[in-house]
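This report refers to the structure that appears directly beneath it.
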């Protein structure tokens, strides 16, 4: 039972036989799960294998027969990266920022990933493509922020990270570099002094930590996040609303409180994308809005992320949270408070 090809071999490589041996799957599921991992790669770090005694963790990383169910709305490029790629390895969707896909490798492969069609099929961005992407950034003066993703940019060695950071720092109009990563949670041992030093340039670094359930925040992950915070690196989080993982107000409240206490600002709660084979993870938008409405009264403002939908086709993110304001007539509004009670509000009278 061999896995689909993975260019990042090592301590996180897992087989279907391993899952059965460790009790994450039944022997009768072997043939079906082998078919699943032939299409969608399997990789779980030891940290997440240990944490997978929690269903909220296991469902994110352990393959399921449901991934073989094709749905009419499934897309191979759910967020439309290809529609905004001026050169290989770069997505330029918004005027002032661009995504640099520095690698296609991750420490774990999430069962709901919106890039699951491409992650793991190649390694790091080839040197000639990296040169072309950096040239494009250098020649596009409106680019103020560069977002490193992939894959997961923090799987790169500190030497590679330092090289990319220094080359970006040489571009005067680039001021901020943002990393989207699961590494601080799923492979916290990688957050060491060498990696942190690699991020130190004139640029302001931010790390957006992807985590979906409080049980992922192990003691080792907590320590790794603390090392980043103590180094003065700005920390945000992004989570995906996932059926059977975190689709309750209690689960989300616990996660966001834990993050905020760790000096991580909850940033985005993504509505699950239409990735192929991930339909069983998707909730309705109405369910997501109801959860956000419940959290509004249970969490302080800084604990609350924005609930967003990445519009299929490459049209960008849109806030889709619940509405609190109803326009009644000219200058007259009805406002809903966190208890669900409604109140009238009037605009100031227009000057004569």
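The values are calculated or read from the model by the stated rules, or taken from the named source; none is laboratory data. Computed from a predicted model, the values in this text were never measured in an experiment. Backbone-built Cβ (ideal geometry, glycine too); neighbour counts: all protein chains shown.
With the requirement that a residue be surrounded by fewer than 11 Cβ atoms within 10 Å (Cβ to Cβ) and closer than 19 Å to residue 256 by Cα, what does segment 300-323 give you?
Hits for segment 300-323 are 300, 301, 302, 319.
Which pairs have Cβ atoms under 7 Å, sit 6 or more apart or on different chains, and link a residue in segment 314-329 that is part of a strand (DSSP E or B) to one that is surrounded by fewer than 14 Cβ atoms within 10 Å (Cβ to Cβ)?
Within 7 Å, the pairs are 325/335; 326/334; 328/334.
So the check is Cβ under 6 Å with 6+ separation or different chains; which pairs have a first residue in segment 255-272 that's assigned by TED's automatic domain parsing to the domain that holds residue 78 and without any contact (Cβ under 8 Å) to a residue 40 or more places away in the chain and a second one that's in a helix (DSSP H, G or I) and surrounded by 23 or more Cβ atoms within 10 Å (Cβ to Cβ)?
266/256; 266/259
So in segment 258-301, with the set limited to residues that are at pLDDT 95 or above and assigned to a strand (DSSP E or B), which one is farthest from residue 73 (Cα to Cα)?
Step by step, filter segment 258-301, then rank; the result is 265.
Out of curiosity, is residue 89 surrounded by 21 or more Cβ atoms within 10 Å (Cβ to Cβ) and on the phi > 0 side of the Ramachandran plot?
Yes; evaluated as a whole, the condition is true for this residue.
Return the residues of segment 31-46 that are within 16 Å of residue 186 (Cβ to Cβ), surrounded by fewer than 24 Cβ atoms within 10 Å (Cβ to Cβ) and touching a helix residue (DSSP H, G or I) at 6+ places or on another chain (Cβ under 6 Å); say none if nothing qualifies.
none
Go through 251, 346 for me and flag whichever is in contact (Cβ under 8 Å) with a residue 12 or more places away in the chain, outside the structural domain of residue 223 (by TED's automatic domain parsing) and more than 16 Å from the chain's Cα centre (by Cα).
From the options 251, 346, the qualifying one is 346.
Assigned to a loop (DSSP other than H, G, I, E, B) and assigned by TED's automatic domain parsing to the domain that holds residue 167: does that describe residue 116?
Yes.
Could you check how many residues of segment 279-312 are closer than 22 Å to residue 264 by Cα and over 20 Å from the mean Cα position of the chain (by Cα)?
The number of residues fulfilling the criteria is 9.
Return the residue satisfying two criteria in turn: it lies in segment 144-175 and is more than 15 Å from residue 134 (Cβ to Cβ) and assigned to a helix (DSSP H, G or I), and of such residues it is nearest to the chain's Cα centre (by Cα).
Once the filter is applied, the top-ranked residue is 154.
With respect to residue 211, is the statement that it is more than 19 Å from residue 57 (Cα to Cα) and touching a helix residue (DSSP H, G or I) at 6+ places or on another chain (Cβ under 8 Å) true?
Considered against the rule, which asks whether it is more than 19 Å from residue 57 (Cα to Cα) and touching a helix residue (DSSP H, G or I) at 6+ places or on another chain (Cβ under 8 Å), residue 211 comes out as no.
Which condition from (1) under 28 Å from residue 217 (Cβ atoms); (2) under 22 Å from the mean Cα position of the chain (by Cα); (3) modelled with pLDDT under 95; (4) not assigned by TED's automatic domain parsing to the domain that holds residue 109 is the one that residue 57 breaks?
Residue 57 satisfies every listed condition except (3).
Can you name the number of the only condition in (1) out of contact with any strand residue (DSSP E or B) (no Cβ under 7 Å at 6 or more places or on another chain); (2) under 16 Å from residue 103 (Cα atoms); (3) surrounded by 23 or more Cβ atoms within 10 Å (Cβ to Cβ) that residue 159 fails?
(3)
Filter segment 176-202 for residues that are farther than 25 Å from residue 126 by Cβ and crowded, with 16+ Cβ neighbours inside 10 Å and give the result.
Result: 176, 184, 185, 186, 188, 191, 196.
Of the conditions (1) modelled with pLDDT of 95 or more; (2) in contact with a strand residue (DSSP E or B) (Cβ under 9 Å, 6 or more places away or on another chain); (3) exposed (fewer than 15 other Cβ atoms within 10 Å of the Cβ), residue 326 satisfies every one except a single condition; which number is it?
Answer for residue 326: the failing condition is (1).
Of the conditions (1) surrounded by 15 or more Cβ atoms within 10 Å (Cβ to Cβ); (2) in contact with a strand residue (DSSP E or B) (Cβ under 7 Å, 6 or more places away or on another chain), residue 295 satisfies every one except a single condition; which number is it?
(2)
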